[in-house]
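The values are calculated or read from the model by the stated rules, or taken from the named source; none is laboratory data. What you see is a predicted model; the values in this text were computed from it and never measured. Note that we place each Cβ from the backbone using ideal geometry, even for glycine, and neighbour counts take in every protein chain shown.
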């Protein structure tokens with residue numbers, strides 16, 4: 001028997017360039033690092049940008065009052081579900097030609113699930129034991145605990161508030177949202193001033 005030589009395969013691919021393997025490893029490493037950074041950024045965004053509250057501007061209120069009165073307005077700034085722990089609440093004031101002072105109160109209604117609406121001077125049974133909301137748990141609108149904005153104008157003019165800026169945490173999530181009623185107050189001198 002005669003031995004036949006087996007055909008040899010010829011590799012006509014170009015030889016790897018020096019550093020080519022290193023460049024490919026570097027590109028894969030950079031892609032992996034970029035993926036981790038994007039995932040971490042998305043996680044950070046999720047943790048610091050919760051969306052639990054009713055959006056601002058869902059209700060409008062326009063109230064005329066005369067100088068010397070104090071207005072209490074139910075702000076409907078509540079979680080859509082569950083409860084949040086309030087860290088800070090400030091009104092989002094966009095106009096204040098009446099040089100008004102503002103105070104946000106946590107109110108408890110003794111007559112069920114009724115909120116205050118707009119009331120002058122005294123809150124009555126719709127806001128018993130008003131207190132600073134910082135450190136309090138804020139439940140949904142279905143409860144009888146809610147936020148009220150006290151507005152005390154000091155001269156004729158206009159006050160425009162576009163909801164409340166609420167900083168809160170719920171579980172691991174912490175953030176700030178604008179929520180609640182848009183309020184316009186027109187303050188006049190009235191008669192006798």
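Does residue 160 satisfy the condition of being outside any helix (DSSP H, G or I), under 20 Å from residue 182 (Cβ atoms) and either at pLDDT 90 or above or within 26 Å of the chain's Cα centre (by Cα) (or both)?
Taking the combined requirement at face value, the residue satisfies it.
Quick check on the stretch 168-190. Is at least one of its residues buried (at least 17 other Cβ atoms within 10 Å of the Cβ), in contact with a strand residue (DSSP E or B) (Cβ under 7 Å, 6 or more places away or on another chain), in a loop (DSSP other than H, G, I, E, B) and modelled with pLDDT under 80?
no
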